[in-house]
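> I'd like to ask some things about the structure below.
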Amino acid sequence: MMRKILSCLLLLALLTTSLPACDMAALIFRQGKAFSDFVKTPLAEGIAEFDSPLDYIAYVMERSNSMQNNDGYGMVSYIEGNPVLQDRNCWYKYVHSEAELNRVWYDGGMFGAGNPADVMDKALLQLVRQEERSSIILCHARNASSNPFAPGNHPFRMTLNGRTYSLMHNGSISSATRGFMLDEIYSLDSFWFETHQPDYSDFQDAGSPACWIDSELLFNYLMCHIQAAGYDVETGMQTALYKLKQQQALSTNVVNFILSDGQRLLAFRSTPVIGLNSGYKLCYKANSDGWWGIRTGALGTDETELLQNQLAIFDTDGSMQLKTDWLEEAPALSRLPSQQPVNFRRRIAGPPQLVNQDGIRISFTLETSQRVSIRVYNTRGQLVRNLINEVLNKGSHTLYWQGTDQTGRPAAQGIYYIRLKRGTEQTSGKVVYYR
């Protein structure tokens, strides 16, 4: 295993070159406003002065081409008032094999090319429907700087604490820093990667985090700290980024990203305005009609460029905050000992114990019919029991783990970890089993 991890890190190091940056754009609308209020048709004649929400998506689509970002793209859309992403509002096109390397980009008909509808065209047709009420949109075009065959395309997403967090990253991260992030995650939660897997089932290295795209590892690193901070997003991010800054200069590692918690957009820039990696930019623009646009690329008319180590926070309540040099002082959380995983039983249904002869109760509710997977792991990360992996109907469900392994034999008394996955949402934590 160690040899495989080292070989993956070496591969990623060799692939991290001075390739052109990926591109990304995000939109957030004030409460009561939505994408469909401003865009009635997905047709466009290219980009104007970023005075329409469509310009931001069109920018990413134009940048997704055979010469620039040709390793796939993705887009997600949060529906107004719902912080949980729905599968039907997530669209991706990505590299599946070596034959597709540098051959996956937008080739639809939005700009009058007469081509058949692409994934992005279909997404836009859905977004312009008034009933969609899309309040937050993230869109990313990828030029792989590491592991182009990993299908984990931006925006990455993870549903925790009743909301879906999503992230897009623009840049690349060194192998040394990837190793540092792995160690930090394991120190905070040794079972993090048992309960948080890539969104894509066809990734053959899903079980080897060292082989994941650097951006997806960054997302897991940030989310692990956010969870440790009790889902205080700013504190968790500040802690995580402060530690990264101590490990290696953030201007050397390009850690420019946009993260959403379903209510806000948080944009962070690590690169300087002048000097090393200054070409990696983030800028934003306010519109008086009630929306904000954030994107990569050169500064345009009436846009404001984020400065190094600035954090911009945009909220659906219409507010915007700009925090400068917020990484200068060590956040209190970075001086605390490692946190224990959140107690699964408190998240699901009661105290962590075998309550009766039925076993440990696992209760949950489904808003729609969807596939549910429940697995039990021991403290060494080994799968003990696969309780269920099937589609269940909408409504409340209760299952029991009776303390047996996959063969039906009684498991040893002690601590176990349970992962509940329903659709794209994952919930996990530890239980105490005794006979």
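The values are calculated or read from the model by the stated rules, or taken from the named source; none is laboratory data. This one's a predicted model, so the numbers in the text were calculated from it and none came from an experiment. Glycine also receives a Cβ, built like all others from the backbone with ideal geometry; neighbour counts cover every protein chain displayed.
> Testing Tyr200 on (1) modelled with pLDDT of 90 or more; (2) within 30 Å of Ser36 (Cα to Cα), one condition comes back false. Which one is that?
Only one criterion in (1) modelled with pLDDT of 90 or more; (2) within 30 Å of Ser36 (Cα to Cα) is unmet by Tyr200, namely (1).
> While we're looking at this one, here's another question. Within segment 280-317, track down each residue that is within 23 Å of the chain's Cα centre (by Cα), outside any loop (DSSP other than H, G, I, E, B) and charged (D, E, K, R).
Passing the criteria: Arg295, Asp315.
> Ok, one more. Report yes if Gly72 is crowded, with 23+ Cβ neighbours inside 10 Å and among the small types (Gly, Ala, Ser), otherwise no.
yes
> Hey, can you tell me all the residues within segment 175-190 that are buried (at least 19 other Cβ atoms within 10 Å of the Cβ) and assigned to a loop (DSSP other than H, G, I, E, B)?
Asp189
> Moving on. Being among the aliphatic types (A, V, I, L, M) and touching a helix residue (DSSP H, G or I) at 6+ places or on another chain (Cβ under 8 Å) is the filter here; which residues of segment 55-104 pass it?
Ile57, Met61, Met75, Val76, Ile79
> For segment 73-95, check the following and say yes or no: at least one residue is more than 19 Å from the chain's Cα centre (by Cα) and polar (S, T, N, Q).
no
> For the list (1) closer than 24 Å to Arg295 by Cβ; (2) modelled with pLDDT under 85, I need the number of the one condition that Ser175 fails.
It fails just one condition, (1).
> Let me ask something additional. Could you list, in sequence order, all residues of segment 238-279 that are in contact with a His (Cβ under 7 Å, 6 or more places away or on another chain) and assigned to a helix (DSSP H, G or I)?
Across segment 238-279, the qualifying residues are Thr239, Ala240.
> Follow-up. Got a sec? Which of Ser270, Ser251, Ser278 is polar (S, T, N, Q), closer than 25 Å to Ile173 by Cα, without any contact (Cβ under 8 Å) to a residue 24 or more places away in the chain and in the same structural domain as Met24 (by TED's automatic domain parsing)?
One residue alone meets the criteria, Ser278.
> Among the residues of segment 120-140, how many are surrounded by fewer than 16 Cβ atoms within 10 Å (Cβ to Cβ) and not basic (Lys, Arg)?
3
> Please go through segment 92-136 and pick out each residue that is closer than 29 Å to Gly262 by Cβ, out of contact with any Asp or Glu (no Cβ under 7 Å at 6 or more places or on another chain), part of a loop (DSSP other than H, G, I, E, B) and hydrophobic (A, V, I, L, M, F, W, C).
Trp105, Ala117, Val128 - these are the residues of segment 92-136 that are closer than 29 Å to Gly262 by Cβ, out of contact with any Asp or Glu (no Cβ under 7 Å at 6 or more places or on another chain), part of a loop (DSSP other than H, G, I, E, B) and hydrophobic (A, V, I, L, M, F, W, C).
> Counting only residues that are farther than 24 Å from Glu132 by Cα and under 22 Å from the mean Cα position of the chain (by Cα), which one in segment 21-54 is modelled with the highest pLDDT?
Restricting to residues being farther than 24 Å from Glu132 by Cα and under 22 Å from the mean Cα position of the chain (by Cα), the top hit is Asp23.
> In segment 251-268, which residue that is over 25 Å from Ser134 (Cβ atoms) and within 20 Å of the chain's Cα centre (by Cα) is surrounded by the most Cβ atoms within 10 Å (Cβ to Cβ)?
Val255
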